[in-house]
Amino acid sequence: MTAVGIDAIEIRTGKLRLDLPETFAPAKGEDPGKYAKGIGIQYSSLPDVYEDIVTMGANAARELMDRRGLVPDDIGRIDVATESAFDNSKPVSTYIAGCLESVYDGDFHHANKGERKFACLSGTQSVDDAYNWIRAGRNRGRAALVIATDTALYARGDPGEATQGAGAVAMLIDEDPNIVALSTEQGYGSADETDFLKPNQQFPSVDGKRSIQVYLARMREALEDYESVAGDTHPDDFVYFPFHTPYPGMVRKAALLGYRHITRNTEVEEALAEDIGMQPREGDYGSREDYEEAIRGYMDELKETRRYQEWYERAIDPTVDISGQVGNWYTGSVHVARLSALRAAIENDVALAGEKLLVGSYGSGAQAEIHAETVQDGWHKEVDAVDVDQQLDGRYDLSFEEYELVHDAHNHEKEVDVDAFTQPSGEFVFTGWGRMNERRYEYVE
Ligand code: COA
């Protein structure tokens with residue numbers, strides 16, 4: 001069976017950044033350690049006044065197409081995943097295609113375009129749709145462009161303000177991919193939950209603490225479902241475990257739970273037992289409360305063991321590096337986690353071709369999905385070509401007062417006139433509204 005998966009990847013960060021420990025925490029009267037250590041985000045990427053989900057998505061897509069020498073005829077499908085859409089009817093993919101058509105010869109008139117919604121999960125669902133379309137033989141030799149793009153902004157004063165971010169990830173899905181091939185096996189954990197939602201409002205209603213519990217519960221369900229088709233997982237089966245990363249602190253919790261699950265009944269549990277005992281089994285306890293207390297005790301000890309910490313440093317830490325520098329990109333976040341890990345492998349000279357990743361995606365509302373990926377021979381060249389450092393280092397540092405202005409400029413309820421902080425060059429920009437209240441864009445040389 002021909003491999004299908006991610007052939008090329010590109011990101012576009014919002015061009016502004018807010019230093020959370022140094023700038024945001026003091027203004028809120030909070031301890032910087034909450035951000036640097038607890039939540040784990042140093043900088044939030046934010047969009048300049050001429051940036052939005054369309055410009056970031058189109059700019060990432062253009063970079064990817066140029067690098068690979070692609071023209072519109074090579075693309076049979078454009079799917080945008082977002083939870084920041086500004087239109088309930090016209091999909092963002094049409095805007096992005098319009099932008100791209102203004103700079104390329106040819107058009108996307110014969111490409112199928114759509115928009116996917118399931119909170120942060122829809123980026124992965126769009127990759128899946130593309131995979132299925134290619135596997136079904138309906139692609140006529142063409143590739144799919146999947147663009148996950150979001151401005152993760154929260155209302156001022158909301159606890160979620162601490163985990164904001166803005167950016168886009170463009171991915172080319174094709175046969176014989178250069179970066180990773182996707183597994184046919186998948187696991188789902190899905191339930192009607194009210195942890196994070198935007199009922200016809202720009203900024204989310206979030207129950208942050210509940211969203212942590214729902215994330216963990218659905219992820220665990222998805223892992224069990226995945227194991228039911230792919231067999232038991234073992235910590236050594238996968239070189240990295242990229243998870244959806246709303247903030248690195250969330251992944252820290254998920255990793256500990258996941259490790260407990262995948263080491264149960266293995267030689268790892270036995271080896272750990274010498275120091276911290278075997279994992280508690282429910283049947284050995286008189287009540288659910290006693291059992292849960294024993295689990296909490298076991299987890300507290302587990303996270304202090306050398307064996308767990310070494311696994312975390314090898315398999316998890318590399319996945320959250322970019323997230324700690326950009327914040328939450330919602331639909332793009334798990335794809336940023338994968339890219340982060342692959343970049344770390346380049347830096348540390350890790351040979352990856354043929355190795356496996358276990359990818360855990362999540363969307364509030366809520367659903368988790370887990371699948372495996374096999375790294376392909378061309379991964380190094382493709383990943384090395386993404387100018388992540390240049391983009392992250394090139395961001396404009398906002399003062400707190402400037403941050404307040406930028407937030408207002410993107411608030412749909414406010415009408416403020418704020419000058420751009422950066423100068424656009426060689427990119428698509430938002431220029432204002434047209435006669436039917438459509439958003440308008442142009443390419444700036
Ligand atoms: N030094 C070190 N760590 C500190 C600290 C300090 N000075 N102060 C706080 N912390 C830790 C806390 O212990 C906590 O870590 P823990 O959960 O492991 O205990 C973490 O920093 C956050 O602190 P907390 O007081 O819980 O922050 P908060 O009440 O502002 O809420 C979120 C944090 C993440 C819940 C909130 O920002 C939020 O709701 N974000 C959006 C969540 C989201 O996107 N959910 C949907 C997607 S899954």
Practice prompt. Check segment 416-432 and report whether any residue there is touching a Pro at 6+ places or on another chain (Cβ under 7 Å), of a type outside the set (D, E, K, R) and assigned to a strand (DSSP E or B).
Written response: no
Response to the item:
For K303, the lone unmet condition from (1) within 16 Å of the ligand (Cβ to nearest atom); (2) under 26 Å from G165 (Cα atoms); (3) surrounded by fewer than 22 Cβ atoms within 10 Å (Cβ to Cβ) is (2)
Fill in: Selection from segment 142-157 of residues that are surrounded by fewer than 24 Cβ atoms within 10 Å (Cβ to Cβ) and more than 12 Å from the ligand (Cβ to nearest atom)
R142, A143, R156
Item to complete: Would you check which residues across segment 422-445 are in contact (Cβ under 8 Å) with a residue 12 or more places away in the chain and either over 26 Å from the mean Cα position of the chain (by Cα) or surrounded by fewer than 17 Cβ atoms within 10 Å (Cβ to Cβ) (or both) and list them?
Response: T422, S425, G426, T431, E438, E442, Y443, V444, E445
Discussion item. If I ask for residues that are farther than 18 Å from E175 by Cα and in contact with a Ser or Thr (Cβ under 8 Å, 6 or more places away or on another chain), which ones from segment 112-134 would you list?
Written reply: K113, G114, E115, R116, K117, A119, C120, L121, S122, G123
Worksheet item: Looking only at strands (runs of 3 or more DSSP E) that fall completely inside segment 109-213, which ones have 1 or more residues that are under 24 Å from Q376 (Cα atoms), of a type outside the set (G, A, S) and at pLDDT 95 or above?
Response: 143-152, 165-175, 180-190
Fill in: Answer from D393, D349, D321 - the residue that is under 30 Å from S190 (Cβ atoms) and free of Cβ contacts under 8 Å to residues at least 24 places away in the same chain
D321
Practice prompt. Examine segment 188-206 for a residue that is closer than 30 Å to D87 by Cβ, within 15 Å of the ligand (Cβ to nearest atom), basic (K, R) and in contact with a His (Cβ under 8 Å, 6 or more places away or on another chain), and state whether such a residue exists.
Written response: no
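The values are calculated or read from the model by the stated rules, or taken from the named source; none is laboratory data. Predicted model only: the values in this text are computed from it and were never measured. Note that we place each Cβ from the backbone using ideal geometry, even for glycine, and neighbour counts take in every protein chain shown.
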